[in-house]
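The values are calculated or read from the model by the stated rules, or taken from the named source; none is laboratory data. Worth saying up front: this structure is predicted, and the values here are computed from it rather than measured. Cβ placement follows ideal geometry from the backbone for every residue including glycine, while neighbour counts extend to all protein chains displayed.
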Amino acid sequence: MLYSMYNTLGASSPTPEKSPKNQRKIKSYTQERHKTQPITDAEKEEAEKEEEGLKVGSSIKERLAFLKKSGDEAWKKRIGKDVGGEDSPVKLRDRPARQGLDVKENTGSIADRLNQIAKSSQGWKDRVEEKDVDQFTVEGKINKQEKQDDSLASSTPRAPPAPGAFKLPPLPKHTPRASDDAEDEEGKLQKSYTVDDPEHAAEQHKTSEMGVEAKQINKVQVPQADDETFDAFFQKPAQTKEDSESVRVSVDDFNELFMDAGEILQTAKKARPQRRKAGSKNPLKSLAARKDIQSEYIEIRTDVADRELKRVKRQAIASEAGLAEAALAGLASTEDFAKIALKKMNLSQGAVTPGGMGRMDPYKSVMLLQVKGRRHVQTRLVEPCPLSVNSGDSFVLIVDGSVVHWTGEYANVIEKAKASDISTYIVQKKDLGCKNARDVGSVDEKKQHLGAGKLFWKTLGGQDEYTMSGPPEEDEIYEQCMVQTNMIYRFEDDSLVPYTEYWGNVPKYEMLNPDQIFVYDFGPEMYVWLGKNMPFDKRKIAIKLARQIWDQGYDYSECDINPFSPLRSEEDGGAPAKADKRPDWSLFGKITQNMETILFKEKFLDWPDPARIITVKGADTDSKTKNEPAVELKAYDAAVMVPLDTSPVTLCLEGQNVGRGLNWAEEYEGLWREYDILTLGLAMWHILEFDHYQLPEECLGQFHNQDTYVVRWQFLVGQKGMKNLKGGVSNRQSMTGRERCAYFFWQGKGSTISEKGASALMTVELDEERGPQVRVTEGKEPPAFLNLFEGRMITYIGKREEESTNTQGSWRLYAIRGELETETNLVEVPAKVECLRSRSSFLLLNIKTGYLYVWHGCKCTANTRKNALAAAQRLKNKCPVEVGLHEKASIVITEVEEGSEKSSFWAGLDCKDRDKYDTLLKSPAKFDYTPRLFNMTSVAGTFEVSEVLNPCRHPDYVSAFPFIQTDLYKHSQPALCLIDNKTEVFLWQGWWPEGTEEDENVKTGSAHARFDVDKRLAMETTLKYCKECNPSSPAKAYLVYAGLEPKHFVNLFPYWEYREDVTSLNLKEGFVDGQMDNMEESMTELCRSRYTMAELQERPLPSGVDPLKLESYLSDEEFEEILHMTKEEFYSLPKWKQSDLKKPAGLF
């Protein structure tokens, strides 16, 4: 009946296939019944009758007794029990199936139902989105991973190290001293030895009064004078043995054995005095019987004779060759190096092997750095193996110069950032031996099978055994425990003393004193830090003492953590807490002050890093800046300007000086070495803005001043001046190094910015050898560049590709430049009289007829005349195509002296007026000096003066034109330059540039005031310079202006080009053409301190007047009349009130 009723409610009978795991024992009356279905009274009575056998029609008393019994005990029988016990899984109730679907079994006790209700009440939490704390923090990621992988044993978090009381490493009871070894060797008292001791006899002989060091000690055996020795020395005839198969024994043999046995048995013997035996008459036997004669002696070789022979030989060689004593000793040596086996050392391994000697570099070829922590992140060296890696930290691997940054999945943000900074620093600064590292290989744990991850795990030996991360609090405990293991020693009195202040603490930067030596023991890392002021003998002693500590091993048994394996115990494959030897992967290095590695710096708490300092401008900074007085500019010391620069001219390419391109000599340890520069090849390209092409060989050295070119120079450095063993000149020539290659990109003064940029880019593109690249500007060519063309270099006017820009007509005028014949170069100038110079020579060529006039100025040097004739002869022998000489014309050379020119010469120029150039025909002075040029500026905050040197200067020759016009006009304007012409000195003043769209306000009041100060200091320095050069009769000083230079000033330059824009600007300033102001008078006017009110109202203001302090130039009476107060009262007012008073008076 109950079964059919339960079926009508939609319940279905469970089958073993549907719920085989959760079968329960169900009473008969509840077998097909739902737990929450109510029971009717009829069903209850029927069930009670079936179970207890209560008959229908019983009395009321019986029924009440039955109900009471049922309420007290029978309810226990109706509670279902689980078959599987307490460990059986709890199964939540399923909703009844709809539309005829089967309903799953859902039975259980009341306790199970209560648990299900409690879980259901918390089920809403599963439907809420994940918190940010659980989603982004390391602890949340770890908990989430644990829930997903509860069944995996490896997912169990690693237990953090127990901090305990953070025990410090014990202080050593005995620290090594430098005197310990000496006491062991020399401090002991010497015992007295007898002559029978051969070893001590040799030692006594070594320290005898002879003072000769024993080179070799051998023991020599003395032959004995006995029969055995003679029998062994002389050969005996061979003896033959008779083989016998049986041994015959007689009674006498047994008797003999019995007699011999008697001597062995203990028998009573009486002591009898030993009788003297008669000596043998054979002297040899008597000598052999003596025991006081030694059978061996010590042979000591002092090599005195060999050294004396070497000294005599060295003295004989020294008399013929002027070599150093060390070189003579090497020549006299007769060592056979073929028998010497030198110890090989692998320098690529970096740090020295423990117990050995080597470079002691503070790095190794393979290092694994662990970056772990949260506050003060620790960067420590760990064993390069998979067990050292875990998912909760970041690691940096250095292998053969490559840097790999491996990031664990659960590493915190601070660890990731620190590891990234360390990796980038190593690559950028080439630190820890990574000289060839170009970039950092970043590896994420989730993608570690790609890219640099393969190198990372290949170096460590596979990724199968690396561990998972620890709990979140592990980082802070790790920091505290690792710091407690730090051991620091200080070098004092030739011994290492523990530095108690920093023992077990984080070292600080302030402890690094340049006059001290420290030894830092970080477990796997030990560093000997050497102050830069410590002597070398003290450094050697400190390193030796640190080596003793290193060789003693380590003991961290009393510490909470072992730095050699901080996260692994010895049972888990880690290093033991105590060992007599440190592992091979540990590091023992030497660090000199200011040469610290990043691994050493990370051990300090406050190592300064200027790149990370963020400066904040506060109120204190502003007040200090306002209260600090401005630095007062002073005139330059003229005495420093007078001495000449006598340094030789050279060009350094790839660290090798090539001098002037032909030879070079330099001093090395008291000896002079000479080198020859051999040119192997030369090539030249013409660079256009969008194209380039190589020029033929006949066009080498032909330039145009509106073009750019690239020149490739292949050369070799050879050593000359070598001497043979006898001191004579050797015929050998030693070639050093490889074939070298250098690129010059030459830029004409008329080339555009685009063409100059194209030449620089093409130089990089053409440089296949990756050689040095040198920029050369027109007129400032170095001697090494000029010597490439052997005096055939010519610079033409215009462009190579555009004939319209070249000089038109049939006459060409060339100026001679250079002091040496191989450095001579021709510069084309306009064929005008104003281009002539009396201190130089010129070539005037008619390209149609071939007439070539060599014109010499009246004050031209003999060297310049010779170079001009040599250049004319080269044109005659081989005239370049660029000159434009007619094919049927042949060059005819004619020399012309200034003052004796013929009409045919003047026909090639524009006129015959000598007044257009500053001729020196009437000057009686001797022009045997080289002019000098100085640039003056105060841009750096102090007034500085620098000399503009001639790149082709030579100490043996006088240069009439050591500088060119661009040396003045290239500076930032307005500029100030001093030109010393010996008889007169000029101070050249530039111009105020016009404002542009980007910078309209160029000439401001403050800029004008600063320039006036610079001008006053320049004039003061110039006057002092004149007195320093000639105290008795100082040269006259003049002030000239750009664009308005007088003819006398212009002729100090080899060629000059007037600029109309500069001329117009200075004309607007009130200057006139050819103006030369006496400097002493201008100085007096500039230093004037009193002006009237009318003069201060003029515009422009007088020179030297500060527009911000016009009131200061008034006299006291006029000041009180205009401002109605004294100067003291006025300057005591605030700035804003001073401005308000000056505005109505016209002084603002």
inquiry  = Against the definition (of a type in the set (Ser, Thr, Tyr), modelled with pLDDT under 90, more than 30 Å from Trp529 (Cβ to Cβ) and in contact with a Phe, Trp or Tyr (Cβ under 8 Å, 6 or more places away or on another chain)), how does Ser333 come out, yes or no?
reply    = no
task = Test Ser394 against the stated conditions and say whether it is closer than 23 Å to Trp585 by Cβ, in contact with an Asp or Glu (Cβ under 8 Å, 6 or more places away or on another chain) and of a type outside the set (A, V, I, L, M).
result = yes
task = Could you please find all residues in the stretch 820-871 being of a type in the set (Gly, Ala, Ser), in contact with a helix residue (DSSP H, G or I) (Cβ under 8 Å, 6 or more places away or on another chain) and part of a loop (DSSP other than H, G, I, E, B)?
result = Ser840
query = Can you tell me which residues in the stretch 1012-1048 are surrounded by fewer than 16 Cβ atoms within 10 Å (Cβ to Cβ) and among the charged types (D, E, K, R)?
reply = Lys1027, Glu1028, Lys1036, Lys1047
ask   = Among the listed residues Glu895, Glu887, which satisfies the condition of being in contact (Cβ under 8 Å) with a residue 12 or more places away in the chain and assigned by TED's automatic domain parsing to the domain that holds Thr849?
value = Glu895
query = Among the residues of the stretch 413-432, is any assigned to a loop (DSSP other than H, G, I, E, B), at pLDDT below 90 and of a type in the set (A, V, I, L, M, F, W, C)?
reply = yes
key: From Ile477, Ile488, residue being within 24 Å of Ala542 (Cα to Cα) and assigned by TED's automatic domain parsing to the domain that holds Thr379   = Ile488
Lone unmet requirement of (1) at pLDDT below 85; (2) assigned to a strand (DSSP E or B); (3) of a type in the set (Gly, Ala, Ser) for Ser442 = (1)
Selection within the stretch 519-540 - surrounded by fewer than 20 Cβ atoms within 10 Å (Cβ to Cβ) and either aliphatic (A, V, I, L, M) or in contact with a helix residue (DSSP H, G or I) (Cβ under 6 Å, 6 or more places away or on another chain) (or both) = Met534
task = Just name the residue that is modelled with the highest pLDDT out of those in the stretch 445-464 that are surrounded by fewer than 16 Cβ atoms within 10 Å (Cβ to Cβ) and part of a helix (DSSP H, G or I).
result = Lys458
Residue check, Val382 over 23 Å from the mean Cα position of the chain (by Cα), farther than 24 Å from Gly461 by Cα and either modelled with pLDDT of 90 or more or of a type in the set (Val, Ile, Thr) (or both) = no
task = Could you list all residues from the stretch 1071-1102 that are over 52 Å from the mean Cα position of the chain (by Cα), buried (at least 17 other Cβ atoms within 10 Å of the Cβ) and either in a helix (DSSP H, G or I) or at pLDDT below 80 (or both)?
result = Ser1082, Tyr1091, Met1093, Leu1096, Leu1101
inquiry  = Regarding the stretch 600-613, can at least one residue be identified that is at pLDDT below 90, over 30 Å from Glu525 (Cβ atoms) and of a type in the set (Asp, Glu)?
reply    = no
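When residues of the stretch 902-919 are filtered for being surrounded by fewer than 18 Cβ atoms within 10 Å (Cβ to Cβ) and assigned to a loop (DSSP other than H, G, I, E, B), how many remain?
Going residue by residue through the stretch 902-919, those that are surrounded by fewer than 18 Cβ atoms within 10 Å (Cβ to Cβ) are 902-907, 910-916.
Pick out the ones that are also assigned to a loop (DSSP other than H, G, I, E, B) and you get 902, 907, 910-913.
So the answer is 6.
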When residues of the stretch 624-652 are limited to those that are at pLDDT 85 or above and not in a loop (DSSP other than H, G, I, E, B), the one farthest from Met1019 (Cα to Cα) = Cys652
ask   = In the set Gly358, Gly392, which member is modelled with pLDDT of 70 or more, surrounded by 11 or more Cβ atoms within 10 Å (Cβ to Cβ), within 30 Å of Asp431 (Cα to Cα) and touching a helix residue (DSSP H, G or I) at 6+ places or on another chain (Cβ under 9 Å)?
value = Gly392
note = Of the candidates Glu1129, Glu1111, Glu1118, the one satisfying the condition of being free of Cβ contacts under 8 Å to residues at least 24 places away in the same chain and either touching a Ser or Thr at 6+ places or on another chain (Cβ under 6 Å) or part of a helix (DSSP H, G or I) (or both) is Glu1129
message = I'd like to know if the stretch 558-566 contains one or more residues that are assigned by TED's automatic domain parsing to the domain that holds Arg359, assigned to a loop (DSSP other than H, G, I, E, B), free of Cβ contacts under 8 Å to residues at least 24 places away in the same chain and more than 26 Å from Tyr363 (Cβ to Cβ).
response = no
